[in-house]
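First up is the structure itself, then whatever we jot down about it.
The values are calculated or read from the model by the stated rules, or taken from the named source; none is laboratory data. As the structure is a prediction and not an experimental result, all values here were calculated from the model. Note that each Cβ is placed from the backbone with ideal geometry, even for glycine, and that neighbours are counted across all protein chains shown.
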Amino acid sequence: MCIIECAAFVCLPRTPNGAFEDAQQSTTDKPPRNDVCYRHPPHASRVLLFALPVRFKIAHQHVCQITSHIIFAPSTTMFRSAAVTSLLVASVANAWVIAPPAQRSFATRLDASVGIFYGTCTGSTSEAADLIHQAFGSGVAAEPIDVDGLTDDALAASLKEHDALIVGAPTWNTGAESECSGTGWDKFYYSKLPAMKSELSGKKVAVFGLGDQSSYSEYFCDAAGEIWDVFNGLDCKMLGAWSQDGYEHEDSKSIRGDKFCGLLLDAVNQEDMTEDRVKQWVAQLIDEGILAK
C-alpha cells in the first residue's frame, strides 16, 4: 500500500471584534489581510500523493460524485474541502493497495509424460495399476493400458509416446523359465520389443508385479523379474527398487541384490498392505526423478 500524507490549512476571516466567522467564501476570493491561518490535523485538504495522475483523476471524479449529494450547512462549509480530500485520499489509497499473489496450487501438471502398462489374468494387476495412477494425482500419469487390448504395433507406438513407463504383470506360469506372466507381454517381449532398443534406450522404467507368497513362495512375482530384465536389456533407466522387508516369500526371480527390482504386491495374503505400499512406492519414484524430463 502506498503511503499518503496530507495536511490542511483553513483560513477563517476575523470580524472587527476579533471573533472568527464561518462565512462561506468563493474558492476564488482572496482572504483578507487579517485572516489567521490555522493548521488542522492531517486529514483535510492539502495532500501529497504518490500515485499516477490517471488514477488520481478517476478517484477525484468518484469523490465529486459522492460529495455532490451531501448538503453542507453554512457553519460547516469550510470543511467541505477537507471532507472531499479525505474521501479522495481513501479512494486513491484503496486503488493502490496491492492484492497478495494467489497461492500456487501444488497440483500442477508436470512436464514428463508417464505411461502405465499392465497385463492381467484375474484383474488384480489392473486394480494395482489403477491405484498407482491415483497415487500420482490427477493429470500426472496417463490412464493405465491393458496390453492385451492392443496389437503389437499399437503397443509399441504407445510405449514410445511417453517419457517414462511403469510396467506390470502377474505371475501366472509358475516355475517357467520365461514368459511367466501368461499375458500379452510374453509374446511382445521377444518379438517386437527387442527391435525398439534405439527408441527406448535411456527411457525411465519402473516395474511392479503381483504374486502369492503363500501358495507359490519360491516363485513369488517371477514375472516382474522377467519384465525388468527385458527393459534393462534395452538400456532403459530402471527405477523403483523396493525393500523385501515385510514380505514372507522364500525366493523370487525379482530379487536384485538385497531388494526387489520393483514393487511387488500380494493381493491374496497381504491385500490390506497394498494401498500403503503403492503410495510409498509412487512417492519414491517421484523422488528418483520419474517426473523429470
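Among Lys203, Lys197, Lys192, which is the only one that is touching a His at 6+ places or on another chain (Cβ under 9 Å) and over 30 Å from Gln270 (Cα atoms)? Let's see the steps before the verdict.
Working: Lys197 fails: touching a His at 6+ places or on another chain (Cβ under 9 Å); Lys192 fails: touching a His at 6+ places or on another chain (Cβ under 9 Å).
After ruling out the rest, the residue left standing is Lys203.
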Yes/no for Asp153 being of a type in the set (Asp, Glu), closer than 20 Å to Glu127 by Cα and either modelled with pLDDT under 95 or surrounded by fewer than 21 Cβ atoms within 10 Å (Cβ to Cβ) (or both): no
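State the number of residues belonging to the stretch 141-166 that are assigned to a helix (DSSP H, G or I) and under 28 Å from the mean Cα position of the chain (by Cα). So that I can check it myself, show each step before the final result.
The initial filter retains those residues of the stretch 141-166 that are assigned to a helix (DSSP H, G or I), namely 147-149, 152-161.
Restricting the remaining residues to those that are under 28 Å from the mean Cα position of the chain (by Cα) gives 158-161.
Qualifying residue count, the stretch 141-166: 4.
Residue-wise test of (1) closer than 16 Å to Ala129 by Cα; (2) in a strand (DSSP E or B); (3) within 24 Å of the chain's Cα centre (by Cα); (4) at pLDDT 95 or above.
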position: Met238; (1), (2), (3), (4): no, yes, no, yes
position: Leu264; (1), (2), (3), (4): yes, yes, no, yes
position: Thr274; (1), (2), (3), (4): yes, no, no, yes
position: Arg277; (1), (2), (3), (4): yes, no, yes, yes
position: Trp281; (1), (2), (3), (4): yes, no, yes, yes
position: Gly289; (1), (2), (3), (4): no, no, yes, yes
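Per-residue answers, yes or no, for (1) surrounded by 16 or more Cβ atoms within 10 Å (Cβ to Cβ); (2) in a loop (DSSP other than H, G, I, E, B):
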residue: Gly168; (1), (2): yes, no
residue: Trp172; (1), (2): yes, yes
residue: Cys180; (1), (2): yes, yes
residue: Glu199; (1), (2): no, no
residue: Gly202; (1), (2): no, yes
residue: Glu226; (1), (2): yes, no
residue: Val268; (1), (2): no, yes
Test result for Gln134, modelled with pLDDT of 95 or more and either in a loop (DSSP other than H, G, I, E, B) or of a type in the set (Phe, Trp, Tyr) (or both): no
Count of the stretch 205-224 residues which are surrounded by 24 or more Cβ atoms within 10 Å (Cβ to Cβ) and among the charged types (D, E, K, R): 1
Evaluation of Lys192 against (1) of a type outside the set (Asp, Glu); (2) surrounded by fewer than 14 Cβ atoms within 10 Å (Cβ to Cβ); (3) touching a helix residue (DSSP H, G or I) at 6+ places or on another chain (Cβ under 6 Å) (one fails), failing number: (2)
